[in-house]
Amino acid sequence: MKLLEDILVIDFSQFLSGPSAALRLADMGAQVIKVERPGTGDICRELYVSDVMIEGESTIFHAINRNKQSYAADLKNPDDLFKIKQLIAKADVVMHNFRPGVMKRIGLDYETVKQIKPDVIYAEISGYGSEGPWKNLPGQDLLLQSVSGLAWLSNNIHESPTPMGVAVVDIMAGTHVAQGILASLFRKGQTGEGALVQVSMLESILDFQFEVLTCYYNDGKQLPVRGAVNSAHAYIAAPYGLYKTNDDYIALAMTNIPTLAALLQCEPLKQFTDSNDWFAKRDEIKSILAQHLATQSVQYWLSVLEKADVWCAPVMNYDALVKQEGYRLLEMEIKVQTGNGLTVSTTRCPIRVDGEVQLSGKGAPALGEHNNQIEQQFGLNTHLQDVSK
């Protein structure tokens, strides 16, 4: 039995944050019905992150919407809206990531939905919360990385602020709303109560930075200072960073500098015996290290450091990663099949329960692919009646 078997999720969300949460619920066995606008569907269907398309749609849509059903409905059409309300009457979870006020204008805000299904778990993701001067700003990942201070943590001090190369704000917000939904479902199982789960992308990415923000709060509001050389963390001492060798890059984490100096046979490093200097003089230490590490290959340095249990790793791209036995053993790459029979390679759910991974071979749905199936399963009709009865 799947962990969330018999849980019905009605998902109005688009792009990445809400759909990433719904994906995780689907992976664990929930029936996720993705409600989309007829004709265009989720805008993510056309949100291309590369020139790779699958069935004329973006790869990111296929990655984040596998194992879901698509129900096309015009929420401005009274008949379609009535069918959606019938679905909601049977749902355990309703979720969206529209800007504040949008669902109220449609007539599917929490208070209205609660009248239809009193014990519903209603989850919503906003960009900046439901109140305040920022509430109507677009909740887009790069913009949130920029506003939240995250972009100022990467790169060297004399270089520009640098965003992460993945949609980290979207995915963190999706993770947090999924956690809220799961906790609320647990409480509902005990008490029968529903819940309103609210997550803003800004709160999610601030929580993501809890470590550095706590330093800032308790250090007289001193801003984090990125290093000038091989900076990888504003608050961590040398040798923490990525270094060029004579053939590629190597990563060094927290390490005792005198020990490192002896292992590398790097005489200039041996002078840094005071651990306080490892942060205060981190740029000087890293400059010495950078020059020394450039004299040998990554594999040479790994052979020296790994057997001494120094925290280090090669810096790999995807081509190198997928050739590693450690990667292959995880079996993270799965193949799913769309309703049109196309096979798509993507990543699987990373969660194991009782040693088992959560797998499904269903690919992302075509727009409106499951309308007939869903209408038959739930007996949807356009005969106007009180669906809360």
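Every number in this text was worked out from the coordinates using simple rules, so none of it is lab data. Here the structure is a predicted model, which is why all the values come from computation and not from measurement. Positions of Cβ are generated from backbone atoms using ideal geometry, with glycine treated the same way; all protein chains shown enter the neighbour counts.
A few points about this structure:
- Considering region 144-198, its Cα convex hull presents a mean projected area of 4.6 nm².
- A Förster radius of 22 Å combined with the Cβ-Cβ distance from LYS221 to ASP277 puts the calculated FRET efficiency at roughly 0.30.
- Across region 1-104, the mean sequence separation of Cα contacts (distance under 8 Å, 6 or more residues apart), normalised by length, yields a relative contact order of 36 percent.
- Normalised by 2.2 N^0.38 Å, where N is the number of residues, the alpha-carbon radius of gyration of region 87-130 equals 1.10.
- Antiparallel bridges, percent of DSSP beta bridges restricted to the chain (to nearest 5): 40
- Taking one quarter of the surface of the C-alpha convex hull of region 1-149 gives a mean projected area of 10.3 nm².
- Förster radius 22 Å - calculated FRET efficiency between LEU81 and ASN136, Cβ distance, rounded to 0.05: 0.35
- In a DSSP loop and with at most 10 other Cβ atoms within 10 Å, there are no GluC sites (Glu not before Pro) in region 174-241.
- Filter on LYS244/LYS270; LYS188/LYS362; LYS2/LYS188; LYS244/LYS335; LYS90/LYS362; LYS68/LYS135 - keep pairs with C-alpha separation over 26 Å: LYS188/LYS362; LYS244/LYS335; LYS68/LYS135
- Rg/Rg_ref, region 249-314, where Rg_ref = 2.2 N^0.38 Å and atoms are Cα: 1.03
- The chain - mean residue ellipticity at 222 nm from DSSP helices (-39,500 (n - 2.57) per run, n ≥ 4, rounded to 500): -10000 deg cm²/dmol
- Kyte-Doolittle at least 0.5, axis length at least 30 Å by Cα - qualifying DSSP helices, the chain: 168-191
- With q set to 0.10, 0.11 Å⁻¹, the log10 of I(q)/I(0) for the chain, from the Debye formula over equal scatterers at the Cα positions, is -0.79, -0.90.
- Alpha carbon Rg of region 202-357, scaled by the compact-globule rule 2.2 N^0.38 Å: 1.35
- Counting Lys and Arg as +1 and Asp and Glu as -1 over every other residue whose Cβ lies under 15 Å from the Cβ of PRO163, the net charge comes to -2.
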